[in-house]
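Nothing in this text is a laboratory measurement; each read-out follows from the coordinates by a stated rule. Please read all numbers here as calculations on a predicted model, not as lab measurements. With ideal geometry, Cβ positions are generated from the backbone for all residues, glycine too; neighbour counts draw on all protein chains shown.
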Amino acid sequence: MPLSIQTIDGQAIANAGYTNVTDLQYLAPGVQYDPTQGAAFQIRGVGTTSWDFSNAKSVNVVVDDVVMDGQRANGLTGMVDIARVDVLMGPQGTLFGKNSTSGVIAVSTNKPRLGVTALRASASYGEHNDRILNATVNLPLGQYAALRISGFDQAQDGFGRNVTLNRLVGSVHEYGGRAKLYFEPNAGFDVTISGDYAHHWDSSVRTPVSGQPTNVTAILNSLGVYPGPKNADTADSNYGAIETEEWGASARIHAKLGDYNLTSISAYRYTLYNNNTPASLTPIDKYAYIPFNYGHLFTEKVSQEFHLASPQERPIAWFLGLFYNRLEATQTQLQWATLGAPVYTNGVPISTLYALTGAIGKSGNTSLFHAVNETAAAFGQVQFNLSDRFRVAVGGRYTHDNVSQSLSYITVDPQQVAGFTPKFVATTAPPVFPYGSVKGDNFSVRVSPEFQITPTAMLYATVSTGYKPAGIAFVGNKYAPYRHETVKAYEVGLKSEWFNHRLRFNIDVFRSDFTDFQATILTQVPDGGGGFLLATAIGNAGGLRTQGVEATLAVRPTRSLSLSASGSYTDAWFTNYVYNPTTNYTNTRLPNSPDFSATAAVDYDHAISDGMKVKAHADYAYRSTYWTVVGQPDYSRVPGFGLVNARLSAVTADNKLEFGVFARNLFDTYFSTGWQLYGQLGLLHYTSPNARRTAGVFANVNF
C-alpha cells in the first residue's frame, strides 16, 4: 500500500514475550504509549494527551474492524491469538470508519477455520511470580460453521512496597477471553459473530522522587522509604489501584454482489474504569495531602459501518464506506484533601475536608461528568490503474461531529469512603456554564500516486489532510472549550524486495503540519488552603510540526536465520504555542517523543535431529531521551534506554510441543514511564513492570 505501515505478526509478539497491547511501543519504532495524560498511543510524536472526556483520540486502536475509542481503554488486554498488528502512520480516514489525525493501530485476531479441530495452549512461569496461561481452541460446527475460543490469565508481582500496609506496589493481574463464531454457507456470503471480555487490575501508583516537604521526607525515611529516581516504594495508608473491565460484541457480515464486496460491521462496547489513587505518601495519621481520590468511569458505544468495494484489478477500482459512532461516558470523581494535616490525631478524625471536586455555593462533594461524542461519516477512495506500473489513489472523507459535556455535583456518603463524616469545604467556584456542546463538519482528502520501478520495488508519495473535532472541557470547575484540530501531511517512500524476496527494504520521509493542535498544559487551580494544585488543562497550540525518516530492513540469508531492523527519526515540536502572556512553549519538543527509536530482532530455527529442532530469538528496542511534560521541564526528562528480550527453546519436528526459557529485559534496564509535579508532594513518578528483568520457563502445545 502507498503509505508507511509497520506490520508485526502474532509470532513476533509471542517471541518477544510482551503481554499487552501497550507493549507494541517496544516493537514498532515511532510508536509511544503515554500512561499519564489520557492513557493513549502516540505515533510520530503526536497523540492524545488529555484526560478530557470529550477529546477524541489521535491514534485509534481498531480490533477486527471495530474502533476501540472508549476513554481510558484500548480495547484489547492480553495478546492472545493475534494474527497480526498493522501500524498505519500518519492521518487515516479514507479507509477506516473513525478519523485519526496521527495514525491507526489495526489488530487482527485469528478467525475460525472451517473443518479444523485444533488446540493451542501456552504456559510460562518466571521471576516475581510472573505467570501466563493462555489457550485457543478451534472447533468445526458442521460443514459451514466453526467456533474459535481463546482465553488468558496473566499476572506479575510488583517490585515496590507499601511499607505501611506491607503490600507490593506495581502488581498486575489480567484475565479474559474471546469467542468468534464463523458461518459460511457458500463462497459469496459469510458472517462472523464475536464477543470478548477482559479484566485488568494493577497497583501501579505514584511514588516519591524528590521535593517532598522536610517532614514528609523524614517520615518516609523513618519507615524505610527513600525518595529517588528509581524509588518504587510508598507508605500511604490507602492502597492505590486501577481496575478496568471491558466487554463487547460485534457482527461482521460479508456478501458478494456479483464482482463487488459488501461488508457490514455492527458493534457494541462497554468499559468500566475505577481509579483509587491516593496522594499522601505517608501514614495518614502523620501527614496527608489528598488521602481520598476515587474515580468511577463507565462508557458505552455503538457503531455501524458499511463498506462497498469493487474488484481491485480493474482500470478504475473504488472503495466506499459509511460510518456512525456514538460514545457516551459518565464519570464520578471525588478528591477530598487535608492539604498537609493528618486525617487522624490521637485516633480522632479531622473535622473538615477540602472537596476539590465540589463547588462553592453548590451542594455535593463529588464531580459528575457526562459526555457524548457522536460522529457520522462518508468516506472512500478511487484508484486509477493507469498502467501496469503507474497508479493514483484519490480519497475523501466527509465527517460530521456532535460533541457535548456537562459537569454537575453529587453527594457521596463519606462514611463509606473515609469511615467518618466531616464537614466539606469546596475550593473553587462552579463553572459559569455547566454544559456545552459543539458541532463540526470537515472534508479531508488523500492523494497518493505510486510507480512500480520493478515487479518488487515501488515508489510512492502521499498528500493527506486530517481532522479532530472540537470539544468541551472543565478544568478546576472552569468551563474551557477548545477548537477543532487539522493536519496536512506529506510522505514519500520506497518499498522493495530483492534477491528473490530474501531482503526487504522500505524507507520513507514524512512531514505533518498541525493547526490548532489539541495540547495539554499544567495550570494552577486553587487548593482552598491558600496554595495551588497543578491541573492538566487542554487547549489549542497554534502550530505543531513533526517530520522525520522511517526505515525497515528484513533479511533471510539462510532457511534457518532471519534478521530484521527498524528505525525512526522524529523531529516534533511546537511551532506556535503561547498559552498566556507569560507561558510560551513555542519551539519546545512534544512530550513523550524521542528523537530516535529503533528495534532489531534475530530468529534462528534449525533442525538438530529428525524429531527435534532448536529455536532462538532475541530482540532489542531502543528510544532516545525524551520529556514527559509539555515545555520540557528538567524534572520530566527520561534518559534514553534499550530493552533486550531473549528466548531459547526445543521444538518437536511437527511443531506440536515446545519447551524453553525466556528473559524479558535481559540486562535489567530501569526506566520510568512518567513524571509528575503534584503540589506540596513534590516530584512523583510511575514505574513499569517492564523496567526490570524477568526470566523464566515456558511450554507450548499445538494440536
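Of the options GLY340, PRO481, VAL225, report the single residue whose Cα projects farthest towards the positive end of the charge dipole of the range 5-702 (beta-carbon charges: Lys, Arg +1; Asp, Glu -1).
It is PRO481, whose Cα lies furthest towards the positive end.
Normalised by the empirical 2.2 N^0.38 Å for globular proteins, what value does the Cα Rg of the chain take?
Compared with the compact-globule rule of thumb, the chain sits at 0.98.
Could you list the residues of the range 451-489 with an amide nitrogen less than 20 Å from a label point located 7 Å from the Cα of GLN312 in the Cα-to-C-beta direction?
Inside the label zone: 451-463.
What are the ³J(HN,Hα) couplings of the range 252-265, residue after residue, when phi is run through the Karplus curve with 6.51, -1.76, 1.60 and θ = phi - 60°? Round to Hz, x for glycine and proline.
In residue order, the calculated couplings are 10, 10, 10, 9, 8, 10, x, 8, 9, 10, 10, 10, 10, 10 Hz.
Magnitude of the Cβ-charge dipole of the range 5-702, K/R +1 and D/E -1, about the Cα centre, nearest 20 debye?
440 debye
So what is the relative contact order for the range 204-339, in percent, with contacts set as C-alpha pairs under 8 Å and at least six apart?
Once normalised by length, the contact order is 21 percent.
Could you please report the charge total around VAL697, scoring K, R as +1 and D, E as -1 over all other residues with beta-carbon less than 12 angstrom from its beta-carbon?
-1
Show me 169-181, 294-306 ranked by packing, highest mean number of other Cβ atoms within 10 Å first.
169-181, 294-306
Please report, in Å, the Rg and the Dmax of the range 562-703, where both are computed over Cα atoms only.
Using the Cα atoms of the range 562-703, the pair Rg, Dmax is 21.5, 75 Å.
For labels at TYR435 and ILE608 in the simple 7 Å Cα→Cβ model, what's the distance in nm?
7.0 nm
Taking 0.36 nm per residue of separation and subtracting the Cα-Cα distance, what length does fully extending ALA255 through VAL549 add?
This chain segment gains 101.8 nm when fully extended.
For ALA83, which sequence-distant residues (separation of 5 or more, or a different chain) have an amide H within less than 5 Å of its own amide H, given hydrogens modelled in the peptide plane?
SER108, THR109, ASN110
Starting from the Cα of ASN402, step 7 Å along the direction of its Cβ; do the same at GLU328; then give the gap between the two resulting points in nm.
1.3 nm
Separation of the range 567-589 and the range 5-84 by C-alpha centroid, Å?
If you average the Cα positions of each part, the centres end up 24 Å apart.
Under 8 Å for C-alpha pairs, at least 6 residues apart: give me the relative contact order for the range 5-702, rounded to a whole percent.
With pairs under 8 Å counted, the relative contact order is 11 percent.
At a threshold of 8 angstrom on Cα-Cα distance, excluding pairs fewer than six apart, so keeping six or more, what relative contact order does the range 146-240 reach in percent?
With pairs under 8 Å counted, the relative contact order is 30 percent.
Any chance you could check the Cα centroid distance between the range 401-474 and the range 147-215 for me, in angstrom?
The distance from the Cα centre of the range 401-474 to that of the range 147-215 comes to 24 Å.
Extension gain THR352-GLN415, at 0.36 nm per residue separation less the Cα-Cα distance, in nm?
21.3 nm
Strictly over 28 Å apart at the Cα level, which of LYS301/LYS362; LYS180/LYS656; LYS230/LYS478; LYS98/LYS488; LYS180/LYS256; LYS230/LYS423 would you flag in this model?
Violating the 28 Å limit, Cα to Cα: LYS301/LYS362; LYS230/LYS478; LYS230/LYS423.
Given the rule -39500 (n - 2.57) for each run of at least 4 DSSP H residues, summed and divided by the residues of the chain, what is its mean residue ellipticity at 222 nm, to the nearest 500 deg cm²/dmol?
Using -39500 (n - 2.57) per qualifying helix, the result is -500 deg cm²/dmol.
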